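Below: the structure, in structure tokens.
Just so you know, all these numbers are worked out from the coordinates, no wet-lab data involved. Because the structure is a prediction, the values reported are computed rather than measured. Cβ coordinates were reconstructed from backbone atoms using ideal geometry, including for glycine residues, and neighbour counts include every protein chain displayed.
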């Protein structure tokens, strides 16, 4: 086993019925455990884009990419490198609202550049967008104030610069032992 | 030309070169069967006893010829009965197209009578599948299915067609046979790298698999072996790629492989893998595998590189093209020391075999049985098997004179595969076909004897009858303190009478002499023959590398651990 890392894979698939099932069925069959997965429209009506976050070693990463590339409806698979990409995630967090904690919570919302999007006498709902590490830090800070409910979208990611994933050259053919 | 969806299906099959299909009618494929009836002068349908038999027949048809095998089944249970057959084809990379009917689109998702989501069921066991809900997409979906099935690393594709799509009318214009999607050619740098590794090697071992067998690369592989003084071993799926009488061919390696093959690989300094996936049955413990050697792997499937074992150089490209370019560029070299070493391993293997023969006394050992089969079988004979001890004996002892002569379920290990596959192989080639099976496996799908009789398919069925599930029993003998849990069959089946009841010929052999007589007679009979052959229930498949072990843990004698 190699060193375990988190990594992000972006996948262009045919925008067709059943394609997401083909992708997730392959994960089950090959025993991949996915941390997060998002799917949505792209600049082209022909394709959907799936963003996958996974933890694993180099072997798991290579296998995930190769097995994805084998699926007929998969058009492009690339790793989104940490250093040259922008990653964003959105979370909605519902927490208890009372006079004792309100000020603390609101100042944290301010510092983290989050937003209050619902506010009643007993609860408030906070929207926060950003890099997953920022969201993790915010959630950790909020834990003592009583999180009632929470949901996260999973990561979406793009590479910096004018290049696009579809135009990127895929390196296959020769593989060498690391 | 306007025609119904069902006629489009049959016409597309014919357009793609299909001459024989295997299947079973039912409520949601009546229209397809009606179209088959109308086109019976252009396409031959073989009605099996069970859909599983149809799937295995289509698979055997493909294994024996390389053509895409085709099977048809109705919705629901018809479709699910194909599942084991499709999975068998998937694990051994066999090109196959399965056509299933389904309930009309308006009834889909309502748990209608005989409705099953077969594309969902077969998702992990097909290369790809289609649910065709528009008649406009039907012909192209089937064409794509053929193309995907045979391109790159082959595999099965399923096309599910709801009844209303079979009834709907649409335009059909015949097209040519779809070509395989060409594989990329390897770049010169990687060919040079492979050549450099081979030129440096002192003890090269060419390791061939189902890919090399499927591409019929035997001649080229022998050329390389001659040019660089290499020996050749194979995986189970690589059997019959190189003729058995070739001096440097050491046979199958691995769990039940030949001693000479496994030990030569251990001592080699370079393994040249050709269309082989380094499966666990062949490599044993991967941590101990090929410790002393570098590995080159030629394969069309990039996901196979570094999947089971780490390789030094993987070339993902057209395997034949890469191989021929390497063959052309490598330096000719003589390695008498290595050849001598390999011969010493062969001598050791013979010594082990002689010792075993001595212990055997006067009972008929599996090797003696195969000696008879090898001696009398006609040229171009196809050997098909089921799964278990008899299958490993076939892999060890059966001799093949040309390619695509060994038809057996390797990856999935499907008991009940053999009879259907034998029918398919024989129908495809008209070459003599011998099915070696066991009483356990035969019991699973012996209903196909009815098919063989109905269509008068000549088959010699050698039924190795030991009254036990021998392979599991062997493990219970070796690793489970002889606790023979549920492996003693003690059935009262009289296989001679059974064969006769089906309308086939039945014979019995209780010793070597009787077997020789029966086999000689069986090959002259124009129809299916069952030879009920008595085998000792405590016969072992040897040698054996224990699960998770390596060649160092080899078991060569009974009673040894």
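What is the log10 of I(q)/I(0) for the protein assembly as shown, computed with the Debye formula using one identical point scatterer on each Cα and no solvent, at q = 0.06, 0.08, 0.11 Å⁻¹? The calculated log intensity ratios at q = 0.06, 0.08, 0.11 Å⁻¹ are -0.43, -0.74, -1.22.
Between 0 and 90 degrees, the angle of helix A:132-142 with respect to the longest Cα principal axis of chain A falls at about 30 degrees. Which residues in the stretch B:205-249 have a backbone N closer than 19 Å to a point placed 7 Å from the Cα of residue B:337 along the Cα-to-Cβ line? Inside the label zone: B:205-206, B:228-231.
Each principal axis of the Cα atoms in the stretch B:2-171 has its own extent, and those three values, largest first, are 38, 35, 30 angstrom. Each part gets one Cα centre, and for the stretch B:174-223 versus the stretch B:55-121 those centres are 32 Å apart.
Histogrammed with a bin width of 5 Å, the alpha carbon distances of the stretch A:5-80 distribute as 3, 16, 31, 28, 14, 5, 1 percent, first bin at zero.
Calculated on the alpha-carbon coordinates, the convex hull of the stretch B:139-264 measures out at 165 cubic angstrom per residue. Ranked by the mean number of other Cβ atoms within 10 Å per residue, highest first, peptides B:300-313, B:501-514 order as B:300-313, B:501-514. So what is the diffusion coefficient of the stretch B:441-504 in µm² per second by Stokes-Einstein at 4 °C and 1.567 mPa s, using a Kirkwood Rh over Cα pairs? Calculated translational D: 95 µm²/s.
The mean number of partner chain beta-carbon atoms within 10 angstrom of a residue's beta-carbon across peptide B:181-191 is 1. Taking only C-alpha pairs under 8 Å that are 6+ residues apart, what is the relative contact order of the stretch B:188-343 in percent? With pairs under 8 Å counted, the relative contact order is 28 percent.
Between the C-alpha center of the stretch A:24-64 and that of the stretch B:12-42 there is a gap of 39 Å. Before anything else, pin down the relative contact order of chain B: Cα pairs under 8 Å, at least 6 apart, normalised by residue count, whole percent. Normalised by residue count, the contact order of chain B is 14 percent. Built from the Cα atoms of chain A, the convex hull projects on average onto 13.0 nm², one quarter of its surface area. Rounded to the nearest whole angstrom, the semi-axes of the ellipsoid equivalent to the stretch B:366-538, taken from the Cα gyration tensor as √(5λ), stand at 24, 17, 16, largest first.
Note on residue A:122 and residue A:35: with the Förster distance fixed at 25 Å, the Cβ-Cβ geometry gives a FRET efficiency of about 0.15. For peptide B:303-311, the mean count of partner chain Cβ atoms within 10 Å of a residue's Cβ comes to 5. Rounded to the nearest 10 degrees, the angle from helix A:58-70 to the longest Cα principal axis of chain A is 70 degrees.
Extents of the stretch B:188-343, taken as max minus min of Cα coordinates on every principal axis and listed largest first, are 37, 36, 29 Å.
Peptides B:98-105, B:414-421 ordered by packing proxy, namely the average of other Cβ atoms within 10 Å per residue, highest first: B:414-421, B:98-105. Computed from Cα atoms, the angle from the helix B:138-150 axis to the main principal axis of chain B rounds to 0 degrees. In terms of overall dimensions, the C-alpha atoms belonging to chain B reach 71, 63, 42 Å along their principal axes, ordered largest to smallest. Relative contact order of the stretch B:366-538, taken over Cα pairs closer than 8 Å and 6 or more residues apart, is 22 percent. Cα centroid separation, the stretch B:363-399 to the stretch B:441-504: 16 Å. Averaged over the residues of A:63-76, the number of partner chain Cβ atoms lying within 10 Å of the residue Cβ comes to 3.
Based on alpha-carbon atoms, the Kirkwood radius and the radius of gyration of the stretch A:86-156 give Rg/Rh equal to 0.95.
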